[in-house]
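K.L.:
I'd like to ask you about the structure that follows.
The values are calculated or read from the model by the stated rules, or taken from the named source; none is laboratory data. Everything numeric here is computed off the predicted structure, so don't read it as measured data. Because the Cβ atoms are built from the backbone with ideal geometry, glycine has one as well, and the counts that use them run over all protein chains shown.
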Amino acid sequence: MTAAVQLSNVSKTFGAGADAVHAFGPVDLAIEGGAFISLLGPSGCGKSTLMLMIAGLLAVSDGEIRVNGERVSKPRTDIGIMFQDNTLVPWRHVEGNIALQLELRGLDPKANQPKIDELLKSVRLEGFAHRMPHELSGGMQQRAAFCQALVHDPKTVLLDEPLGKLDAMTRESIRNDLQALWMQKRPTVVFVTHSIEEAVQLSSRVCVVTPRPGRIDRVIDIDLPWPRDLAVKRSARFANYVADIQGIFHGFGIL
Ligand SMILES: Nc1ncnc2c1ncn2[C@@H]1O[C@H](COP(=O)(O)OP(=O)(O)OP(=O)(O)O)[C@@H](O)[C@H]1O
């Protein structure tokens, strides 16, 4: 079966000569359709670089990336993408920002209004469709950005530390919404995080990335029931996954 995202011998070096920075790889990884994969690694190990390469926004130095069997050679509009800093434009209200993602792809926002309404409801923003971004809290802005990333029903979604700047309680709450959305729509998700608990809670598989140049040290299947609610998070098995991964980063000299 074709992997949804296939990395073959992928590496990235910025610059050349004495100033060259070997940021990432070489890495081989096959991500199956509908998986929720986390890239968990220390700061500067090349996680964002990899996300940009999968999105076709940055060229690989070596190797090849395929998304749904197609070689990535230019920016892809069929994926959903979200970063730590959201990309809401300040001059459109929430609904207009979500509609913009449809307009950019030549899709009709009016025909997709039920989908916009449903997405806003799923992230508890139904009462804020006509508010401007500056009228929202940071957490609400990120919730709106999730709707932007998902409104065109992408099969592949790249989330680069989308919860990184949020306070712990908001983060926890949005994690649960994200999990529910993924369970409902089952896109293939590649998720970057520094949080071991977050990776274990959300992922079907966790890729442990080494310090720069980032390589995948190991891939850990997270065999816990869905949804990963408070009861699952309090279980001994959850704690064991977290402790095992902490041990790996301790071995890297990071924890
Ligand atoms: N455009 C660039 N030019 C030169 N070096 C770069 C560029 N982008 C990233 N790098 C370098 O590549 C390495 C990996 O950066 P990257 O942002 O991918 O790491 P990261 O794992 O996402 O880090 P963080 O978790 O802190 O966001 C870093 O050493 C960084 O300085």
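K.L.:
Quick check on this structure: which one of Ala149, Ala199 is more than 26 Å from Gln101 (Cβ to Cβ) and of a type in the set (Gly, Ala, Ser)? Steps first, please.
P.N.:
Details: Ala149 fails: more than 26 Å from Gln101 (Cβ to Cβ).
Result: Ala199 is the single residue among Ala149, Ala199 that is more than 26 Å from Gln101 (Cβ to Cβ) and of a type in the set (Gly, Ala, Ser).
K.L.:
Examine segment 217-230 for a residue that is touching a Leu at 6+ places or on another chain (Cβ under 7 Å) and assigned to a strand (DSSP E or B), and state whether such a residue exists.
P.N.:
no
K.L.:
If you don't mind, another one. Does at least one position in segment 112-125 carry a residue that is over 23 Å from the mean Cα position of the chain (by Cα) and surrounded by fewer than 14 Cβ atoms within 10 Å (Cβ to Cβ)? Give the derivation first.
P.N.:
From segment 112-125, those over 23 Å from the mean Cα position of the chain (by Cα) are 112-114; that's our starting set.
From what is left, the residues that are surrounded by fewer than 14 Cβ atoms within 10 Å (Cβ to Cβ) are 113-114.
Checking segment 112-125: at least one residue is over 23 Å from the mean Cα position of the chain (by Cα) and surrounded by fewer than 14 Cβ atoms within 10 Å (Cβ to Cβ).
K.L.:
Suppose we keep only residues that are away from the ligand (no atom under 13 Å from the Cβ) and among the hydrophobic types (A, V, I, L, M, F, W, C) within segment 25-54. Which one would you say is surrounded by the fewest Cβ atoms within 10 Å (Cβ to Cβ)?
P.N.:
It comes out as Ala30.
K.L.:
Take the residues of segment 55-69 that are touching a residue at least 60 places away in the same chain (Cβ under 8 Å) and out of contact with any helix residue (DSSP H, G or I) (no Cβ under 9 Å at 6 or more places or on another chain): which is farthest from the ligand (Cβ to nearest atom)? Reasoning before the result, please.
P.N.:
Here is the first cut: in segment 55-69, the ones touching a residue at least 60 places away in the same chain (Cβ under 8 Å) are 55, 65-69.
From the residues that got through so far, the ones that are out of contact with any helix residue (DSSP H, G or I) (no Cβ under 9 Å at 6 or more places or on another chain) too are 55, 66, 68-69.
Working: Ala55: 13, Arg66: 20, Asn68: 24, Gly69: 26 Å.
Here the residue is Gly69.
K.L.:
Here's a follow-up. Kindly list, by first and then second residue, each pair from a residue in segment 25-42 that is assigned by TED's automatic domain parsing to the domain that holds Asp217 and within 17 Å of Val60 (Cα to Cα) to a residue that is in a strand (DSSP E or B) and of a type in the set (D, E, K, R), limited to pairs with Cβ atoms under 9 Å and residues at least 6 apart or on different chains.
P.N.:
Hits for this filter: Gly25/Lys12; Gly25/Asp62; Pro26/Asp62.
K.L.:
Oh, and also: May I ask you to verify whether Val94 is on the phi < 0 side of the Ramachandran plot, more than 16 Å from the ligand (Cβ to nearest atom) and among the β-branched types (Val, Ile, Thr)?
P.N.:
Working: on the phi < 0 side of the Ramachandran plot: yes; more than 16 Å from the ligand (Cβ to nearest atom): yes; among the β-branched types (Val, Ile, Thr): yes.
It is true that Val94 is on the phi < 0 side of the Ramachandran plot, more than 16 Å from the ligand (Cβ to nearest atom) and among the β-branched types (Val, Ile, Thr).
K.L.:
When you look at Ile174, is it away from the ligand (no atom under 16 Å from the Cβ), assigned by TED's automatic domain parsing to the domain that holds Lys12 and modelled with pLDDT under 90, yes or no? Don't jump to the end; show me each part of the working.
P.N.:
On the way: away from the ligand (no atom under 16 Å from the Cβ): yes; assigned by TED's automatic domain parsing to the domain that holds Lys12: yes; modelled with pLDDT under 90: yes.
Considered against the rule, which asks whether it is away from the ligand (no atom under 16 Å from the Cβ), assigned by TED's automatic domain parsing to the domain that holds Lys12 and modelled with pLDDT under 90, Ile174 comes out as yes.
K.L.:
Which residues, taken from segment 182-208, are within 16 Å of the ligand (Cβ to nearest atom) and of a type in the set (Asp, Glu)?
P.N.:
Going residue by residue through segment 182-208, those that are within 16 Å of the ligand (Cβ to nearest atom) are 190-196, 198-199, 206-208.
Listed by number, the list holds a single entry, Glu198.
K.L.:
The conditions are (1) modelled with pLDDT of 95 or more; (2) crowded, with 16+ Cβ neighbours inside 10 Å; (3) away from the ligand (no atom under 16 Å from the Cβ); (4) of a type outside the set (Gly, Ala, Ser), and Asn9 fails exactly one of them. Which is it?
P.N.:
(2) is the only condition that Asn9 fails.
K.L.:
What residue, among those in segment 126-161 that are within 14 Å of Thr87 (Cβ to Cβ) and polar (S, T, N, Q), is surrounded by the most Cβ atoms within 10 Å (Cβ to Cβ)?
P.N.:
Step by step, filter segment 126-161, then rank; the result is Gln142.
K.L.:
Checking His22 against (1) more than 16 Å from the ligand (Cβ to nearest atom); (2) surrounded by fewer than 20 Cβ atoms within 10 Å (Cβ to Cβ), only one condition comes out false. Which one?
P.N.:
Looking at each condition in turn, His22 falls short on (1).
K.L.:
Within segment 174-196, how many residues are in a helix (DSSP H, G or I) and either touching a Gly at 6+ places or on another chain (Cβ under 6 Å) or buried (at least 17 other Cβ atoms within 10 Å of the Cβ) (or both)?
P.N.:
Here the count works out to 7.
K.L.:
Could you check Ala99 against (1) out of contact with any helix residue (DSSP H, G or I) (no Cβ under 6 Å at 6 or more places or on another chain); (2) modelled with pLDDT under 95 and say which number it fails?
P.N.:
Tallying (1) out of contact with any helix residue (DSSP H, G or I) (no Cβ under 6 Å at 6 or more places or on another chain); (2) modelled with pLDDT under 95, Ala99 fails exactly one: (2).
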